[in-house]
Amino acid sequence: GDYEKAVHQKISSENISKVLYPNDSQSNGLELRLRQEYFFTAASIADIIRRFQAENSALQDLPKKVCIQLNDTHPALAIVELMRVLVDQYGMDFNEAWGITRETFAYTNHTLMPEALECWSVGLLGKVLPRHLDLIYEINSHFIEDIQKKYPGDNDRLQRMSLIQEGYGKQVRMAYLSVIGSHSVNGVSALHTELLK
């Protein structure tokens with residue numbers, strides 16, 4: 001009998017696909033944008049796996065048949081979503097899933113300007129996608145461990161390269177996730193690629 005609530009829930013659920021480029025200067029618009037990015041990447045990953053499994057049996061062969069091109073950072077959550085599917089739904093161990101994921105994704109960066117590089121607050125990610133945040137922390141932990149082995153004692157490098165930007169209001173750096181989660185990375189031009197290196 002609560003018709004207003006029923007209509008509100010329907011409108012709220014439809015916003016995921018009906019409201020393009022929500023104003024992210026307010027928290028509800030920012031959350032909607034995160035939900036949209038997740039919705040579209042999760043739907044894409046589910047469809048890719050469904051189509052792959054229609055003709056293939058071993059998910060270990062996914063990178064031999066599929067390449068997912070990230071065109072900037074808006075679909076970067078697809079990296080974590082593929083990890084979630086491989087680990088949680090198919091029971092793979094982290095390292096095997098990470099190897100498959102990295103060999104499946106490629107990334108094109110469109111900007112190096114810090115103000116334009118997409119970041120998501122740890123608080124918002126934890127609220128909306130807690131499992132994905134757990135996986136991001138695990139990915140970062142493995143990455144930081146590799147950096148420590150390569151550059152022992154270089155704590156400044158660790159802070160610069162970490163997926164998690166520390167400080168007031170921790171942020172997840174989506175471009176960094178895109179770089180370490182991909183087998184191939186480039187800029188939009190040869191010069192941009194050199195700058196990106």
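The values are calculated or read from the model by the stated rules, or taken from the named source; none is laboratory data. What you see is a predicted model; the values in this text were computed from it and never measured. Positions of Cβ are generated from backbone atoms using ideal geometry, with glycine treated the same way; all protein chains shown enter the neighbour counts. The accessibility values were calculated without ligands, DNA or RNA, using every heavy atom of the protein model including side chains. Shrake-Rupley method; radii C 1.70, N 1.55, O 1.52, S 1.80 Å.
Brief remarks follow.
- Residues in the range 81-116 that are open to solvent by 60 Å² or more (accessible area, probe 1.4 Å) and assigned to a helix (DSSP H, G or I): ASP88, GLN89, ASN95, GLU96, ARG102, GLU103, PRO114, GLU115.
- Given (1) farther than 23 Å from ALA42 by Cβ; (2) among the charged types (D, E, K, R); (3) free of Cβ contacts under 8 Å to residues at least 24 places away in the same chain, number of the condition LYS170 does not satisfy: (3)
- When the test is whether a residue is surrounded by 15 or more Cβ atoms within 10 Å (Cβ to Cβ) and small (Gly, Ala, Ser), SER121 passes it.
- The range 134-174, subset open to solvent by 10 Å² or more (accessible area, probe 1.4 Å) and of a type in the set (A, V, I, L, M, F, W, C), residue nearest to LYS197 (Cα to Cα): MET161
- Enumeration of residues in the range 32-58 that are in contact with a Lys or Arg (Cβ under 8 Å, 6 or more places away or on another chain) and open to solvent by less than 30 Å² (accessible area, probe 1.4 Å): PHE52
For every residue, the table says whether it meets (1) under 18 Å from GLU115 (Cβ atoms); (2) of a type in the set (Lys, Arg).
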{"site": "GLU138", "(1), (2)": "no, no"}
{"site": "ASP154", "(1), (2)": "no, no"}
{"site": "ARG157", "(1), (2)": "no, yes"}
{"site": "GLY169", "(1), (2)": "yes, no"}
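- Among residues of the range 26-80, those that are under 11 Å from the mean Cα position of the chain (by Cα), outside any helix (DSSP H, G or I) and within 17 Å of ILE139 (Cβ to Cβ), counted: 4
- Hey, ASP72 at pLDDT below 95, more than 11 Å from LEU177 (Cβ to Cβ), loosely packed, with under 13 Cβ neighbours inside 10 Å and charged (D, E, K, R) or not: no
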